[in-house]
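Novice: Right, I'll just put the structure down here and ask away after.
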Amino acid sequence: MAIEDPIEAKETVVRTTEKYKVKIENVNGWYGTKRAIKDINLNVKEKTVTAFIGPSGCGKTTLLRCLNRMHEMTPGAHADGRIMVDGIDIYDKSIDPVIIRRRIGMVFQKPNPFPTMSIFDNVAAGLKLNGLTNKTIIREIVEESLKEAALWDEVKNQLEQPGMSLSGGQQQRLCIARALAMQPEVLLMDEPTSSLDPIGSSKIEELVRILKDSVTIIIVTHNMQQAGRVSDFTAFMYLGDLIEYGTTNQIFMKPEKELTERYISGKFG
Amino acid sequence: MTMNNNKKYRDILLETVDKKYRKRMFVNKLVTIFTIICVIAAIVPLTSILIEVVKNGISAISYDFLTQPQGSIGSGSGGIAPAIQGTFIVVGLAAAIGTPVGLLTGIYLSEFAQEGKFSNSVRFFNDVLTGLPSIVIGIVGYVLIVLALGSFSVLAGALSLSIIMIPIVVRVTEETLKVVPYSLREAGHSLGLSKAKITLFIVLPAAKDGILTGIVVAISRIAGETAPLIMTILGTSLFFTGITGPVDALPLRIWRLASQPYESAHAFGWGSALVLILMILALSMGLRLLVQKRSLRPVT
Amino acid sequence: MVGLVAFSVAKGSTDIFSKEGFNFITQSNWDAVEGRESFGAFPYIIGTLLSAGIAMLIGVPISLGIAIFISEIAPPRIGTPLAFLSELLAAVPSIIYGLWALFVFRFWVRDLVEKPLYDAFHVFPIFDKTPFGLDIFTAGVVLAIMIIPIVSSICREVMKVVPHSQREAAYSLGATRWETVRMAVFPYVKSGLVGASMLGLGRAVGETILVTMIIGNVIGPNAIPTSVFSQGQTLASLIANEFNEASSDLHLSALIALGAILLVLTMGINIAARIMVKKKVKVQSGAKSQ
């Protein structure tokens, strides 16, 4: 439910100030000695959809990957600053990234289901990994996740089929189900529709709109219209800096910075 | 409804996860330690070998050692000169046979052959050949040359070694040539050059470094081979007498020396090993220098 | 030149058939009494299999461990030099391995491994002989060291091909590093790993000079090993030992026949190995078809 009226928007901001799910404070991301994102400050509200937009190379994916500490998996990459999720700094030295990734799920650009596993096993992968053995519960969660990902009806009779036998759009929904099975509180999506056809894409967008009632979603997209369609808040980045951040409505209708305005109107991409 | 279920699942998950967490981290740590142990397990022998060869070999080396033939057995006098000479001759001859054959076959496979049963079977046989035990190749050399000529000979040894060498060169050549971007060949075609000329003047020079490395690797490999020599060159303690006569070589000499019960012989064995390793090292170093010199040249 | 390649393989075999008139003696008999008449290959086949078996048991896990370490755990700074070291191991001529094993390593094995094993387990027949270092066990261990570079480098290559996105998927679910390897990498590379091991097996089976230096060199019915600490003999090592002193044509033929067995064995292993390594390519292209 994108916020239409600017005045109402302001009120919403005031009302939900305490409910920031993710607070990004002074975050820098490095690849070796190259600083890819500079001094980012951003607060994400609970149960909303936030979009990161910007031309390629602006650092939006880097920022996203910092949120579940996947950024540092690239050799030579590291990040500093604080990222608070529910009040806990995920970059604190005492925290093991493995724990973070359990509570913050990720969906990637190209669907990557495990090819040697069936549909059922794919969704259950995270659960089994983390030690869940109760078969009934697993089955329940798998069904629930597939329903949440709007895939259940299509696959409920072929759960044993290999994960790769689905179409591209279905595979992506499978990956979403897999991430959802972990009951994450935040779901990160890295250009989830860029490898899909228009029908598949719109299905995913529909999904995002529904899911935000239960999960906080942050989505990176290079498709501005998509950002306009699905997100409540939008952050525009350029060359590693956060240029502007606000409600989607405000960014698209009344951008404050000139750079934002030029990007929105397609003057560069 | 979904919300309630979610909360329920979340709690279950969190509970299980916390229980299993420590065990999982432990397993992870265990595996990491295991792999590190494996790495150490491989490094230790390597360093030990190098240390031992240098330690024991260096005392044996002297001017005599390098230039004199073997003295009387057990006396500790004399040297291994015939072996050094023999190694040069046999390996050199093998390389002289093996390099062109391997090169041409590799070039053929990569540039001229059509994709089909013939070229596939050639590749297949080539792969098989790379895996053959060297002693079996020695038998082949024995049967083909030694029996035919009636005596152990340099020729037999060189032939056997070249049989070992050729498949390696073929494979390296083909693979290196494959990596040369097609655009180079296209440029040649567009200039109206024949395929042979293109290959010779454009493609080969581009692949030179890789191929050269491969050839040197192959030569290093055969320089150290012992088994085929046992049945082809006999390993006398005399100097070179002719292509159809027997000769000595370093690996063979080392083997013989090691089987003798005398301390002095053992010392000679270590010394020979050191000489062998130095020779092989010199070969690879020489190559590396050559390759580096080339890459300093401006790209034509 | 192409013909030469296939041809030499065939030619080697035809000459062996000059011996084959007596093949009913050679195939799998018990006796290998040198001297007059009967020759049998059986003890040496056992020796070959046993020593290669030990080599695999020890060498494959270690190679796998190294491959995992270099490709998954170590940062490139450490990984590249390690890979290089592994190549160095491969470049050492086997005779030098033999020299080292004969004069240095076998004492290590004897004192650090064989004696304790013997003390602890000599109840079991397999450990039942007093070890003094020159035996099948040591041969197996050194063979293991020899095959490590081959097996680990193929394992590494095969693991490199696994698309990064698979690993990322596993990590994003909160997997530890080992779990990621197990879940995302292994299924892809299973057959490649088997292929790599078989190539190592092929090498272990065919290795001659090293074995003959440290395996103890026995012949005849005694040569059938009764424990890992027995002296033994492999097909390859016997050929090396006796070739130059073969006493009769029959003797010689017998040795060549051993070579034939060895040839068939190795070829079979190598062909199977290559098929396995190639298999993994099919898994990936099959999976990509959308």
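The values are calculated or read from the model by the stated rules, or taken from the named source; none is laboratory data. Quantities reported herein were computed from a predicted structural model and do not represent experimental measurements. Virtual Cβ from ideal backbone geometry, glycine too; neighbours counted across all protein chains shown.
Novice: Which of (1) of a type outside the set (Val, Ile, Thr); (2) surrounded by fewer than 22 Cβ atoms within 10 Å (Cβ to Cβ); (3) part of a strand (DSSP E or B) is the odd one out, the single condition A:Leu187 does not satisfy?
Specialist: Every condition holds for A:Leu187 apart from (2).
Novice: Would you be able to tell me the number of residues in region B:211-249 that are more than 14 Å from chain C (Cβ to nearest Cβ) and at pLDDT below 80? Give the steps one after another, and end with the answer.
Specialist: Of region B:211-249, the ones more than 14 Å from chain C (Cβ to nearest Cβ) are B:211-212, B:215, B:237-245, B:247.
Narrowing further to those that are at pLDDT below 80: B:237-245, B:247.
Counting residues in region B:211-249 that are more than 14 Å from chain C (Cβ to nearest Cβ) and at pLDDT below 80 gives 10.
Novice: Here is a further query. Name every residue in region A:86-108 that is surrounded by fewer than 22 Cβ atoms within 10 Å (Cβ to Cβ) and closer than 30 Å to A:Ile264 by Cα, in order of residue number.
Specialist: A:Phe108
Novice: Find the strands (runs of 3 or more DSSP E) located wholly in region A:36-107 whose residues include 1 or more that are under 21 Å from A:Ser231 (Cα atoms) and of a type in the set (Ser, Thr, Tyr), and list them. It would help to see each step written out before you state the result.
Specialist: Values: elements: A:49-53, A:77-85, A:104-107.
Where strands (runs of 3 or more DSSP E) fall fully within region A:36-107 and carry at least 1 residues being under 21 Å from A:Ser231 (Cα atoms) and of a type in the set (Ser, Thr, Tyr), they are A:49-53.
Novice: Which one of C:Ser86, C:Ser8, C:Ser51 is part of a helix (DSSP H, G or I), at pLDDT below 85 and more than 8 Å from every other protein chain (Cβ to nearest Cβ)? So that I can check it myself, show each step before the final result.
Specialist: Numbers: C:Ser86 fails: more than 8 Å from every other protein chain (Cβ to nearest Cβ); C:Ser8 fails: more than 8 Å from every other protein chain (Cβ to nearest Cβ).
None of the other options fit; the residue is C:Ser51.
Novice: Being under 25 Å from the mean Cα position of the chain (by Cα), surrounded by 13 or more Cβ atoms within 10 Å (Cβ to Cβ), part of a helix (DSSP H, G or I) and at pLDDT below 75 narrows it down to one residue among B:Leu257, B:Leu290; which is it? I'd like the intermediate steps shown before the answer.
Specialist: Details: B:Leu257 fails: at pLDDT below 75.
Just a single option satisfies the conditions, and that option is B:Leu290.
Novice: Next question, about the same structure. Would you check if there is a residue in region B:112-121 being assigned to a helix (DSSP H, G or I) and at the interface with another protein chain (Cβ under 7 Å from one of its Cβ atoms)? Before you say what the answer is, go through the steps one by one.
Specialist: In the first step, residues of region B:112-121 are kept if they are assigned to a helix (DSSP H, G or I); the result is B:112, B:117-121.
Next, only the ones that are at the interface with another protein chain (Cβ under 7 Å from one of its Cβ atoms) stay: none.
Checked region B:112-121: no residue is assigned to a helix (DSSP H, G or I) and at the interface with another protein chain (Cβ under 7 Å from one of its Cβ atoms).
Novice: Residue check: is B:Ile202 away from chain C (no Cβ under 14 Å), in contact with a helix residue (DSSP H, G or I) (Cβ under 6 Å, 6 or more places away or on another chain) and modelled with pLDDT under 70? Working first, answer last.
Specialist: Working: away from chain C (no Cβ under 14 Å): yes; in contact with a helix residue (DSSP H, G or I) (Cβ under 6 Å, 6 or more places away or on another chain): yes; modelled with pLDDT under 70: no.
Answer is no for this residue.
Novice: Sort through C:Gln166, C:Gln233 and tell me the only one that's in contact with a Phe, Trp or Tyr (Cβ under 8 Å, 6 or more places away or on another chain) and either under 23 Å from A:Ala124 (Cβ atoms) or modelled with pLDDT of 80 or more (or both). Steps first, please.
Specialist: Numbers: C:Gln233 fails: either under 23 Å from A:Ala124 (Cβ atoms) or modelled with pLDDT of 80 or more (or both).
Within the list C:Gln166, C:Gln233, the selection yields C:Gln166.
Novice: Out of A:Ile217, A:Ile199, A:Ile176, which single residue is crowded, with 21+ Cβ neighbours inside 10 Å, farther than 14 Å from A:Thr50 by Cα and in contact (Cβ under 8 Å) with a residue 24 or more places away in the chain?
Specialist: On the way: A:Ile217 fails: farther than 14 Å from A:Thr50 by Cα; A:Ile199 fails: crowded, with 21+ Cβ neighbours inside 10 Å.
Answer to the check: A:Ile176.
Novice: Could you pull out the residue among B:Leu193, B:Leu184 that is more than 14 Å from chain C (Cβ to nearest Cβ), outside any helix (DSSP H, G or I) and either closer than 24 Å to B:Gly92 by Cβ or not charged (D, E, K, R) (or both)? Break it down stepwise before answering.
Specialist: Values: B:Leu184 fails: outside any helix (DSSP H, G or I).
Only one candidate passes the filter, namely B:Leu193.
Novice: Further, regarding this structure: Quick check on region C:161-189: of everything there that is surrounded by fewer than 21 Cβ atoms within 10 Å (Cβ to Cβ) and in contact with a Ser or Thr (Cβ under 6 Å, 6 or more places away or on another chain), which residue is farthest from the other protein chains (Cβ to nearest Cβ)?
Specialist: Here the residue is C:Arg167.
Novice: Looking at (1) more than 9 Å from chain B (Cβ to nearest Cβ); (2) under 25 Å from C:Arg177 (Cβ atoms), which one does A:Leu132 not meet, given that it meets all the others?
Specialist: Result: A:Leu132 passes all but (1).
Novice: Turning to a different aspect of this structure: Which residues, counting only those in region A:6-40, are surrounded by 13 or more Cβ atoms within 10 Å (Cβ to Cβ), out of contact with any Lys or Arg (no Cβ under 7 Å at 6 or more places or on another chain), among the hydroxyl-bearing types (Ser, Thr, Tyr) and at pLDDT below 85?
Specialist: Hit for region A:6-40 is A:Thr12, nothing else.
Novice: Then there's this: Take C:Asp128 and tell me if it is farther than 30 Å from A:Cys175 by Cβ, surrounded by fewer than 21 Cβ atoms within 10 Å (Cβ to Cβ) and at pLDDT below 80. Give the steps one after another, and end with the answer.
Specialist: Details: farther than 30 Å from A:Cys175 by Cβ: yes; surrounded by fewer than 21 Cβ atoms within 10 Å (Cβ to Cβ): yes; at pLDDT below 80: yes.
Judged against the criteria, C:Asp128 is a match.
Novice: Right, next: Residue pairs, Cβ under 9 Å, 6 or more apart or interchain, first in region B:19-33 and closer than 16 Å to A:Ile95 by Cα, second assigned to a helix (DSSP H, G or I) and of a type outside the set (A, V, I, L, M). List them.
Specialist: Correct list of pairs: B:Arg24/C:Trp178; B:Arg24/C:Glu179.
Novice: Still on this structure, please answer the following. Which ones in region A:179-224 are over 13 Å from the mean Cα position of the chain (by Cα) and either within 14 Å of chain B (Cβ to nearest Cβ) or under 20 Å from A:Tyr20 (Cβ atoms) (or both)?
Specialist: Start the filter on region A:179-224 by keeping residues that are over 13 Å from the mean Cα position of the chain (by Cα), which leaves A:181-183, A:194-203, A:206, A:210, A:213-214, A:222-224.
Result: A:Ala181, A:Met182, A:Gln183, A:Ile210, A:Asp213, A:Ser214.
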